[in-house]
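Values in this text are rule-based calculations from the coordinates and carry no lab data. Only a predicted model underlies this, so the values are computations on that prediction, with no experimental measurement involved. Cβ placement follows ideal geometry from the backbone for every residue including glycine, while neighbour counts extend to all protein chains displayed.
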Amino acid sequence: MLRDYVVVFNSRGVIEKYDNLPPAVQKAAQRAVNRAADRTRTESARRVRRELNFPASYVAPSEGRLSVSKYANEDLTAKITARNRGTSLARFVASRRSSKGSEPGVRVIVKPGVARFMKGAFLVKLKGVGGNTDTQANLGLAIRTRNGLPPDNAYAPVPTRAGFWLLYGPSVAQALYNSRKSGIWPDQTPDIKALFETEFFRQLELQDVL
């Protein structure tokens, strides 16, 4: 079962002896955590779209694929959750013909600005799509292979009873943090810490603590 990926903000790792701080300072820390979470989510969405050809609406907070799932309160913890549903490659289809217009297949753009023609691939209507699949209008992108083996260089293809393979691209979570423990979120870590610290001191000034 695929699991969503969660990044946690906790100011206790930055502010020592938090429990002994005045209420105004604790309030500043809470607001700093929440603002840092919001801004990190926005920046993460921008970076995801730079890597994958998603429209802005796809990673909007309201869609739940990349959102602040918990804001800080007394516990000073905020969480950003990235959904790990497999993304149907049908979402990346740009056209249903080659540049010459004669070969059967589709053109897909997974990485912005980089088009690839997939000879023999075709769109299919999916029935009973499971919760681990992210589709658009229940469409999938499929391909048949002569030997029945998985297509070469395909990302996590899934066989069907009809004898073809459904093709998928990376999920939002996989763009942010992959199996090699690298990705957008590890790269953002220094920026996230600096963002929180800057926002924390700004909140202290707003409350006349400094």
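Of all beta bridges that DSSP places with both ends in the chain, some 95 percent have antiparallel geometry. Sorting the segments 144-153, 115-124 by their residues' average number of neighbouring beta-carbon atoms within 10 angstrom, most packed first, yields 115-124, 144-153.
Taking only pairs that are 8 or more places apart or on different chains, how many Lys pairs in the chain have Cα atoms under 17 angstrom apart?
Close lysine pairs found across the chain: 5.
Helix-derived [θ] at 222 nm for the chain: sum -39500 (n - 2.57) over DSSP H runs of at least 4, divide by residue count, nearest 500? It would help to have the intermediate numbers written out before the result.
Details: 3 runs with 57 residues, N = 210.
That comes out to -9500 deg cm²/dmol.
If you work out Cα extents along the principal axes in Å from the coordinates, which of (1) 50, 39, 37; (2) 70, 34, 29; (3) 69, 35, 25 do you get? Calculated Cα extents along the principal axes in Å: the matching label is (2). Between 0 and 90 degrees, the angle of helix 184-206 with respect to the longest Cα principal axis of the chain falls at about 30 degrees. How far is helix 23-51 tilted off the main Cα axis of the chain, in degrees rounded to 10, range 0 to 90? With rounding to tens, the tilt is 20 degrees.
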